[in-house]
Protein chains: 2
Amino acid sequence: MAVAHFADRLAAAAGRVGNPVLVGLDPRAESLPPGLISGSGPEAAARGYVAFCRGVIDVVAPLVAAVKPQAAFFEQLGPAGCVALSEVIRYAASKGLLVILDGKRNDIGSTAQGYAEAYLGVGDASPWGADALTVSPYLGDDGLTPFVEVAQARGAGIFVLVKTSNPGGKRFQDIVADGRPLYRHVADYVETLAHQTAGQHGYGSVGAVVGATYPQQLAELRQVMPHTWFLIPGFGTQGGSAKDCAAAFDDRGLGAVVNNSRGIIFAHSRKEFAGRIGPSRWQEAVEAATREMIEQLRAETPAGRLGVSNS
Amino acid sequence: MAVAHFADRLAAAAGRVGNPVLVGLDPRAESLPPGLISGSGPEAAARGYVAFCRGVIDVVAPLVAAVKPQAAFFEQLGPAGCVALSEVIRYAASKGLLVILDGKRNDIGSTAQGYAEAYLGVGDASPWGADALTVSPYLGDDGLTPFVEVAQARGAGIFVLVKTSNPGGKRFQDIVADGRPLYRHVADYVETLAHQTAGQHGYGSVGAVVGATYPQQLAELRQVMPHTWFLIPGFGTQGGSAKDCAAAFDDRGLGAVVNNSRGIIFAHSRKEFAGRIGPSRWQEAVEAATREMIEQLRAETPAGRLGVSNS
């Protein structure tokens with residue numbers, strides 16, 4: 001059965017909920033609300049991660065378009081964590097959420113194809129069942145095209161690292177060659193792939209990761225990457241604001257999803273919420289933090305044009 | 001219990017067997033010798049991958065220093081593949097082999113630390129139990145230092161992609177800034193980290209992936225990266241020869257491991273062996289291909305100085 005184009009599905013999902021919020025699922029044993037992990041060892045922690053992520057998903061599924069599980073924190077538990085990751089992806093999909101797996105995978109040729117076939121494709125199309133995967137670009141053409149081909153064939157997407165949110169990203173990404181920083185060279189290639197794979201809304205199956213912490217570069221990249229959907233990390237805990245993300249959207253409010261991980265899933269620990277919402281009511285804190293971020297983005301970016309918010 | 005420095009352990013292991021061969025474990029269902037996968041579905045394939053990799057390990061453990069499982073092909077089977085990968089790593093370690101996991105992981109800050117803590121460290125030190133992990137450098141400083149710190153603390157290593165073996169690698173790696181290609185900028189940073197973490201033999205916990213398919217760059221990088229152990233892909237199937245790898249070694253025959261995946265593990269399909277060694281005797285083909293590569297490297301590179309080979 002043919003699945004619709006990834007970027008069109010993402011646009012429809014953002015339009016349905018009226019906002020571009022992406023909730024990052026970054027479980028860490030030491031930050032979970034109390035009582036979710038009973039017992040010791042990786043299997044117990046993995047069960048706790050599933051329970052926690054299901055609890056987050058139950059709250060955010062009616063409010064947002066997509067979630068972004070972070071593979072590292074699941075893999076940190078060993079094979080038991082991989083089983084948990086799979087369960088979390090399936091559960092999010094069953095609740096109608098798009099799933100962008102943050103795995104930053106990368107390799108060449110048939111090995112890249114192996115990763116792509118592993119993760120890309122909902123339902124029975126792939127063993128993991130994600131709608132999209134983050135990908136790292138250092139390996140070049142034959143490191144990216146196998147992901148693009150599998151994504152296109154399966155109605156899935158990839159987000160290629162272009163300008164990341166971290167301070168150290170500049171060491172290589174900002175190196176200037178032929179008058180342009182490296183991230184612009186990567187951006188140009190990603191835009192070519194996005195253009196070649198564009199769907200009905202003008203956006204390709206290939207997106208880009210561009211940090212909220214560099215608003216000027218975000219605006220520059222939006223200009224030169226008109227067919228590229230952005231995944232924006234760095235909101236909240238890392239210092240990026242709604243206003244910083246404004247330039248990432250087109251006039252319809254499309255073209256970007258903005259991720260928040262810790263600021264939402266561990267909202268019970270944030271001082272704004274900790275006073276009035278105790279850790280046992282952590283899901284209320286998740287909901288309050290999600291609604292707060294939705295309102296900020298709707299108020300301060302073109303995402304407000306996406307339609308009536310549920311919040 | 002403190003584990004010895006990774007590069008010192010690698011030097012000792014190469015010295016013990018008298019060669020720098022690294023056997024890549026890249027199981028693919030369609031290439032396995034017949035009869036190893038019984039039944040259908042990912043669990044059956046995963047059992048077949050474990051049986052196959054154990055069969056390869058049994059043959060190569062007395063002959064070589066290390067194996068390099070390719071994470072992609074295991075992940076392609078879903079969570080069952082992750083369980084299989086874990087079993088393969090543990091089995092290789094139990095046979096005295098060093099395990100370099102080819103996962104090309106990368107992320108920033110505490111997420112990078114998550115990957116590092118997941119994979120790096122033998123025995124009970126980490127849930128996966130690898131001696132080393134390949135890492136992709138696009139995210140810069142704070143994408144690499146968390147891996148370095150965990151590696152140092154646990155007697156483990158990382159190999160950072162510098163100049164890869166694939167034709168498309170040049171798209172970004174060869175972009176010239178300040179008179180030097182990007183891979184040289186990455187090389188300089190990796191060498192700094194290697195120097196900072198150098199062990200008794202002068203090599204650091206941080207190594208570099210440098211392809212056999214670019215012998216000129218291999219020689220150039222050996223000059224500017226005196227503290228960096230190289231992991232060299234591209235031998236055999238991708239076109240790199242023993243002579244192409246010669247410049248990667250120091251005068252003692254140390255400083256590089258040369259990987260061969262398909263050329264060894266699927267040797268039963270190679271025309272040189274298929275005629276005289278049938279698929280049911282595939283382990284004999286693995287042994288013949290391994291001994292052939294050992295002899296080539298000992299004859300045509302300074303690795304011949306490592307000591308008396310077992311072959």
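The values are calculated or read from the model by the stated rules, or taken from the named source; none is laboratory data. Keep in mind that what you see is a predicted model, and the values were worked out from it rather than measured. Here Cβ is always computed from backbone atoms with ideal geometry, including for glycine, and neighbour counts include all displayed protein chains. For the accessible areas, the whole protein counts, side chains as well, though only heavy atoms, and no ligand, DNA or RNA atoms are used. Shrake-Rupley method; radii C 1.70, N 1.55, O 1.52, S 1.80 Å.
Structure data summary
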quantity: Neighbour-limited loop hits for trypsin sites (Lys or Arg not before Pro), the stretch A:26-121 (at most 15 other Cβ within 10 Å; DSSP other than H, G, I, E, B); calculated: A:Lys95
quantity: For the stretch B:65-174, alpha-carbon Rg over 2.2 N^0.38 Å; calculated: 1.06
quantity: Rg [Å, one decimal], Dmax [Å, integer] - the stretch A:136-255, C-alpha atoms; calculated: 13.7, 37
quantity: B:Asp251 - accessible surface, heavy atoms, 1.4 Å probe, Å² rounded to 10; calculated: 130
quantity: Debye intensity ratio in log₁₀ form over the Cα atoms of the stretch B:245-291, taken at each q of 0.22, 0.28 Å⁻¹; calculated: -0.68, -0.89
quantity: Value of D in µm² per second that Stokes-Einstein yields for the stretch A:153-204, Kirkwood Rh from Cα pairs, at 37 °C (0.692 mPa s); calculated: 265
quantity: Inter-label distance, nm, simple model (7 Å from Cα along the C-beta direction), A:Ser280/B:Ser280; calculated: 6.9
quantity: Alpha-carbon radius of gyration plus Dmax, which is the widest Cα pair, for the stretch B:6-302 in Å; calculated: 18.2, 57
quantity: Peptide-level mean, for B:63-75, of C-beta atoms on other protein chains within 10 Å; calculated: 3
quantity: Mean separation of Cα contacts under 8 Å (6+ apart) over length of the stretch A:6-302, as relative contact order %; calculated: 18
quantity: Rounded percent of accessible protein surface that carbon and sulfur make up, the stretch B:6-302, 1.4 Å probe; calculated: 49
quantity: Per-residue ³J(HN,Hα) for the stretch A:154-164, Karplus 6.51 cos²θ - 1.76 cosθ + 1.60, θ = phi - 60°, Hz, x for Gly and Pro; calculated: 10, x, 10, x, 10, 10, 8, 4, 10, 10, 8
quantity: Label-point separation in nm, A:Ala153 to B:Ala29, each point 7 Å along Cα→Cβ; calculated: 1.4
quantity: Dimensions in Å of the stretch B:109-178 - Rg and Dmax from alpha carbons; calculated: 13.9, 45
quantity: Environment charge of B:His268, counting only residues whose C-beta is closer than 10 Å and scoring Lys/Arg +1, Asp/Glu -1; calculated: +1
quantity: B:Val224 versus A:Ser40: modelled label distance in nm, points set 7 Å from Cα along the beta carbon direction; calculated: 5.0
quantity: Average other protein chain Cβ within 10 Å of Cβ, residues A:177-186; calculated: 3
quantity: Label geometry 7 Å along the beta-carbon vector: B:Ser269 inter-copy distances in nm; calculated: 4.8
quantity: Antiparallel content of DSSP bridges confined to the stretch A:6-302, in %, to 5; calculated: 5
quantity: Inter-copy separations for B:Ala299, label at 7 Å along Cα-Cβ, nm, ascending; calculated: 7.6
quantity: 222 nm mean residue ellipticity, helices alone, for chain A (DSSP H n ≥ 4; -39,500 (n - 2.57); rounded to 500); calculated: -13000 deg cm²/dmol
quantity: Nearby lysines by direct alpha-carbon distance to A:Lys68 (threshold 28 angstrom, same-chain neighbours under 8 apart not counted); calculated: A:Lys95, A:Lys104, A:Lys163, A:Lys170, A:Lys243, A:Lys271, B:Lys104
quantity: For chain A, built as a Gaussian network whose Cα springs stay under 10 Å, the top-fluctuating residue of A:Asn260, A:Asn106, A:Asn166; calculated: A:Asn166
quantity: Percent of C-alpha pairs per 10 Å bin, the stretch A:211-311, short to long; calculated: 16, 43, 29, 10, 1
quantity: Equivalent ellipsoid semi-axes - Cα gyration tensor, the stretch B:1-121, angstrom; calculated: 25, 21, 11
quantity: Overall Cα dimensions of the protein assembly as shown - principal axes, largest extent first, Å; calculated: 74, 54, 48
quantity: Space enclosed by the convex hull of the alpha-carbon atoms of the stretch B:1-52, per residue, Å³; calculated: 138
quantity: For the stretch A:209-254: Kirkwood Rh in Å [reciprocal of mean 1/r, alpha carbons]; calculated: 10.4
quantity: Relative contact order, percent, the stretch A:224-311 [alpha-carbon distance under 8 Å, six or more residues apart]; calculated: 33
quantity: Label point 7 Å beyond Cα along the C-beta direction, distances from A:Ser38 to other copies (nm, shortest first); calculated: 4.1
quantity: Net charge, B:Pro127 excluded, C-beta distance under 10 Å - Lys, Arg +1, Asp, Glu -1; calculated: -3
quantity: Per-pair calculated FRET efficiency, R0 = 35 Å: A:Asp251 and A:Gln196 via Cβ, rounded to 0.05; calculated: 0.90
quantity: Isolated Cys in chain A, by beta carbon distance under 4.7 Å; calculated: A:Cys53, A:Cys245
quantity: Ratio of Rg to Rh over the stretch A:38-103 (Cα coordinates, Kirkwood Rh, two decimals); calculated: 0.97
quantity: For the protein assembly as shown, share of DSSP beta bridges that run antiparallel, in % to the nearest 5; calculated: 5
